[in-house]
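Working notes, beginning with the structure itself.
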Amino acid sequence: MTKGIRVLFTRFTMVSAHLSIIPEFLEKIGLLGFENVFSINKAEVVNTANNSDILFRGIKTAAGNQTASLKSLQGISCWVLDEAEELIDENIFDTIDLSIREKGLQNRVILILNPVTKEHWIYNRFFQDKGVEGGFNGVKGDVCYIHSTYLDNKDN
């Protein structure tokens, strides 16, 4: 397992990760029996066995956008943008995206979203401009598309 992976997990607004997302991580860690391997606080989950961590941050704060502080985080090789359809400013995406460049590791940007309108920059950039139809699963260029619905996980 690769050591020292840093994941930046963001939402446009993330007021209370400790009330929503982190408890979900705790539940999954418990189901896997790894409670003794992780250290968890209000904004971070650390794997103490391999020194990897997940930082939870909001892009928009009460004081405005914190794009500058997000792009200055050191060692981030994976950026997850949850509820990506809420980010309407493509320039904010580009600013953070360009800062994910850790040497010696595979860098990834993961967008998790509900379908967007055809006017949204995500649709234009990742679907229309690449000739990708909705519902596509596969790789096109350097983008892997995974489409799923609740029907794929009815048991849960």
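Where does each of TYR145, TYR150, TYR123 land when they are ordered by accessible area, with a 1.4 Å probe and the largest first?
From most accessible down to least: TYR150, TYR123, TYR145.
Per DSSP H run of at least 4 residues, take -39500 (n - 2.57); add these up for the chain, divide by its residues and hand me the 222 nm value, nearest 500 deg cm²/dmol.
Estimated from H runs of four or more residues: -4500 deg cm²/dmol.
At most 11 other Cβ atoms within 10 Å and a DSSP loop assignment: could you name the GluC sites (Glu not before Pro) in the range 59-133 that fit?
GLU119, GLU133
Treating the angle as unsigned and between 0 and 90°, give the value, to the nearest 10°, between the Cα long axis of helix 21-32 and the longest Cα principal axis of the chain.
Here the helix axis deviates by roughly 70 degrees.
Strictly greater than 22 Å: what percent of every Cα pair in the chain meets that?
Tail fraction, whole percent: 49.
Would you kindly calculate the translational diffusion coefficient of the range 1-57, applying Stokes-Einstein with the Kirkwood radius from alpha carbon pairs, for 4 °C and a viscosity of 1.567 mPa s, and quote it in µm² s⁻¹ without decimals?
111
Counting Lys and Arg as +1 and Asp and Glu as -1, each charge on the Cβ, what is the dipole of the range 1-153 about the Cα centre in debye, to the nearest 20?
460
Using a 1.4 angstrom probe and counting only protein chains, how large is the accessible area of VAL80 in Å², to 10?
10
From the convex hull of the Cα coordinates of the range 31-117, what is the mean projected area in square nanometres?
7.5
As a test question: what accessible area, to the nearest 10 Å², does LYS130 have when a 1.4 Å probe is rolled over all protein chains in place?
Around 70 Å² of this residue is reachable by solvent.
Once the piece of chain linking LYS3 and GLU27 is laid out straight, how much longer is it, given 0.36 nm per residue of separation minus the C-alpha distance between them?
6.3 nm
Note down the magnitude of the dipole of the range 1-53 about its Cα centre, charges +1 on Lys and Arg C-beta and -1 on Asp and Glu C-beta and zero elsewhere, to the nearest 20 debye.
Here the range 1-53 has a charge dipole of around 160 debye.
Which whole-Hz couplings ³J(HN,Hα) result when phi for each residue of the range 131-146 is put into the Karplus expression 6.51 cos²θ - 1.76 cosθ + 1.60, θ = phi - 60°, listed in order with x for Gly and Pro?
Result, rounded to whole Hz: x, 9, 7, x, x, 5, 10, x, 10, 9, x, 9, 10, 9, 9, 10.
Please compare each pair in LYS28/LYS140; LYS60/LYS130; LYS71/LYS130; LYS42/LYS103; LYS28/LYS154 to a cut-off of 25 Å on the Cα-Cα distance and tell me which ones are over it.
LYS28/LYS140; LYS60/LYS130; LYS71/LYS130; LYS42/LYS103
Please give, to one decimal in nm, the separation of the simple spin-label points placed at ASN107 and GLU90, each 7 Å out from Cα toward the Cβ.
Rounded to a tenth, the inter-label distance reads 2.0 nm.
May I ask you to give the percent of accessible area on the range 1-155 that is carbon plus sulfur, with a probe radius of 1.4 Å?
52
So, for the range 10-156, what is the accessible surface per residue at a probe of 1.4 Å, expressed in square angstrom?
Result: 65 Å² per residue.
As an exercise, use a Förster radius of 25 Å and the Cβ-Cβ distance of GLU133 and ASP82 to find the FRET efficiency, rounded to the nearest 0.05.
The pair GLU133/ASP82 has a calculated efficiency of 0.60.
The values are calculated or read from the model by the stated rules, or taken from the named source; none is laboratory data. Owing to the predicted nature of the structure, the values given are computational and were not obtained by experimental measurement. Don't worry about glycine lacking a Cβ; one is built from the backbone with ideal geometry, like all the others, and counts go over all protein chains shown. In case anyone asks, the SASA skips ligands and DNA or RNA and just uses the protein heavy atoms, side chains included. Shrake-Rupley method; radii C 1.70, N 1.55, O 1.52, S 1.80 Å.
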